[in-house]
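Novice: There's a structure below that I have some questions on.
Readers should treat all values here as calculations from the given coordinates under stated rules, not as data from a laboratory. It should be emphasised that the depicted structure is a prediction, and the values quoted were computed from it without experimental measurement.
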């Protein structure tokens with residue numbers, strides 16, 4: 001769990017202070033539409049997202065096997081949900097940068113998410 005929290009915080013905090021990253025993400029998320037010219041790039045991004053989700057799935061699968069996460073969880077759903085949280089925070093930062101305390105949001109989102117997936121015996125940790 002700690003590693004995933006670190007990943008979330010690293011990228012979201014970087015997004016909060018890196019103007020180039022903010023502008024690139026804003027362009028990709030809000031200012032582009034399908035274009036044949038960009039289709040190769042779009043397909044690469046989709047493959048990267050797919051690979052990232054598969055890696056997250058393996059983390060959740062291992063966490064379930066080790067008793068860190070609840071045994072009734074579906075690793076694919078956990079991975080997709082975690083990615084959606086990251087994407088949502090990124091979009092909030094793009095749309096409301098001055099209203100968002102990214103460090104606070106990352107900490108709280110991580111806590112909310114991981115409190116929900118923790119196995120009962122590890123919830124007090």
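Novice: So what is the 222 nm mean residue ellipticity for the chain from helices alone, if each DSSP H run of at least 4 adds -39500 (n - 2.57) and you divide by all residues, rounding to the nearest 500 deg cm²/dmol?
Specialist: Value at 222 nm, helices only, nearest 500: -25000 deg cm²/dmol.
Novice: Would you mind pulling out the separation of the Cα centroids of region 84-125 and region 40-65, in Å?
Specialist: 19 Å
Novice: Output the 0 to 90 degree angle, nearest 10, between the alpha-carbon long axis of helix 39-65 and the longest principal axis computed from the alpha carbons of the chain.
Specialist: Relative to the chain, helix 39-65 is tipped by roughly 10 degrees.
Novice: Same structure again: Can you tell me the length gained on complete extension of the stretch residue 55 to residue 18, counting 0.36 nm per residue apart and subtracting the Cα distance?
Specialist: My answer for the length gained is 10.8 nm.
Novice: Right, another one. By how many degrees, 0 to 90 and rounded to 10, does the Cα axis of helix 75-95 deviate from the longest principal axis of the chain?
Specialist: Relative to the chain, helix 75-95 is tipped by roughly 40 degrees.
Novice: Viscosity 0.890 mPa s, temperature 25 °C: Stokes-Einstein D of region 12-61 from its Kirkwood Cα radius, in µm² per second?
Specialist: 193 µm²/s
Novice: In vacuum, with every alpha carbon of the chain counted as one equal point scatterer, what does the Debye formula give for log10 I(q)/I(0) at q = 0.14, 0.15, 0.22 Å⁻¹? Two decimals, please.
Specialist: -0.68, -0.77, -1.29
Novice: Run the numbers for residue 48 and residue 10: contour at 0.36 nm per residue of separation, minus the present Cα-Cα distance, in nm.
Specialist: 11.9 nm is the gain from fully extending residue 48 to residue 10.
Novice: Something else now. Note the angle between two axes, namely the Cα long axis of helix 2-17 and the longest principal axis of the Cα atoms of the chain, as a number of degrees from 0 to 90, rounded to the nearest 10.
Specialist: Value to nearest ten degrees: 20.
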